[in-house]
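Report on the following structure.
The values are calculated or read from the model by the stated rules, or taken from the named source; none is laboratory data. Here the structure is a predicted model, which means the values were calculated and not measured. Counting neighbours? That spans all protein chains shown, and the Cβs are built from the backbone with ideal geometry, glycine included. Heavy atoms of the whole protein, side chains included, go into the accessibility calculation; ligands, DNA and RNA do not. Shrake-Rupley method; radii C 1.70, N 1.55, O 1.52, S 1.80 Å.
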Amino acid sequence: MSLLSNRFVKLSLGTRGAQASVHSSWSRDQALVRARHTVDPADGLSMQTDEEGGQLACVLQGAQAVLSELKSTGGLKNAPLNVQLVNGLAHFDLVSGDFAQSSERQLQAIAHACVDDMLGDDAGPRIVQWQLQADGQHLLIASLKATVVDALAQQAALHGMALASLQPEFCAHWNAHARYLSGAMAIFASVGDGAVVMALVEKGSITALSVGALDEGHATTADGASKTALDLRADRLAASHGTDPAAIAAFMLVAPEGDAEVATSRWTAVRHEGGSA
């Protein structure tokens, strides 16, 4: 078997930078080659009139830089490219219902209908991903504009690779760490590029979502406690679902190395060398 078919590339893309690594199929966790590039988010905004366009410009700049560097090492013709993308370029939703007996085709139709309903005329052509939670009652939905997917596929082809998978960071982080949150109640958060996607988890299933910008610093609550913006969002998410924040048994945060400290001691922090670092 040719060595070329035994290599694949992992690419993590944020608005502040990108990181890529080459792996072999017989040693998937060990990187053979790494490349990293830092991006100034102001550059992307200066090239586009809207925030999402600026984010995409930054992402593509980072992708171009690291993939060019990897290409120069050779041995990557037609290599599969697996991409984790900054959460800000994805739209997230969570719907509840009795989905346990639904077919994959029915769930796909539900996911598309939810995206169209939420985004309306702004939806446009989109790639929609979904995941039925273990309880059969909640459907996690993530969608990306087709133009974003097409642009990344073109970047892959330009560098002799083939786009094999594309996931928003939150989905990739959840899939990697969900098994550690099988207890009664938990909060799971994916942070990067100054934004957070947070989930309330009940017995291993996501039952509520909160998505938005994440402020730094601390705030003092009415009872005199000092809490970060991440803590306050977690408390609001639990309360909005009728859950006492004190009943949450575990808090897990996944964030890039080098990000400002946004969590208090109650959080278990998992750091990674993501593109948004």
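Here are a few things to note about the model shown:
- Förster radius 35 Å - calculated FRET efficiency between Thr38 and Met118, Cβ distance, rounded to 0.05: 0.55
- With the charge dipole of the chain set up from +1 on Lys and Arg Cβ and -1 on Asp and Glu Cβ about the Cα centre, the Cα lying farthest toward the positive end among the listed residues Ile127, Ala239, Ala42 is that of Ile127.
- q = 0.14, 0.16, 0.20, 0.28 Å⁻¹: log10 I(q)/I(0) that the Debye formula gives for the range 67-110, counting C-alpha atoms only: -0.66, -0.72, -0.81, -1.03
- Taking every protein chain into account, the accessible area of the range 100-202 amounts to 44 square angstrom per residue (probe 1.4 Å).
- Taking every alpha-carbon pair under 8 Å whose residues sit at least 6 apart, the chain reaches a relative contact order of 18 percent.
- Rounded Å value of the spacing that divides the Cα centres of the range 47-113 and the range 163-185: 14
- Shape class for the range 112-180: oblate, because the ratio a/c of the largest to smallest gyration tensor axis (alpha-carbon atoms, square roots of eigenvalues) is 1.5 or more and b/c is at least a/b.
- FRET efficiency, 1/(1 + (r/R0)^6) with R0 22 Å, evaluated for Glu52 and Arg266 via beta carbons: 0.10
- Here the 3J(HN,Hα) profile of the range 188-199, calculated from phi with Karplus coefficients 6.51, -1.76 and 1.60 at θ = phi - 60°, is 10, 9, 10, 10, x, 6, x, 10, 9, 10, 10, 10 Hz, Gly and Pro shown as x.
- Label assignment, percent of Cα pairs over 30 Å apart derived from the structure, set (i) 30; (ii) 37; (iii) 34: (iii)
- Every helix of 4 or more DSSP H residues in the chain counts as -39500 (n - 2.57), and over all residues that averages to -9000 deg cm²/dmol at 222 nm.
- Apportionment of accessible area to carbon and sulfur, the chain, percent (1.4 Å): 50
- Taken over the range 71-160, the convex hull of the Cα atoms encloses 126 Å³ per residue.
- Integer Hz, Karplus 6.51/-1.76/1.60 couplings in order for the range 77-90, x for Gly and Pro: 4, 6, 5, x, 10, 10, 10, 10, 10, 3, 4, x, 8, 10
- Cα-centre dipole for the chain with unit charges at Cβ (Lys and Arg positive, Asp and Glu negative), debye to 20: 1180
- Whether the range 19-108 is rounded, prolate or oblate, judged on the alpha carbon gyration tensor where a/c under 1.5 counts as rounded: oblate
- Only aspartates and glutamates eight or more places from Lys227 in sequence, or on another chain, were considered; those with a Cα closer than 20 Å are Asp215, Glu216, Asp235, Asp244, Asp259, Glu261.
- Among the listed pairs Lys10/Lys145; Lys10/Lys77; Lys77/Lys145, those beyond 24 Å (Cα-Cα): Lys77/Lys145
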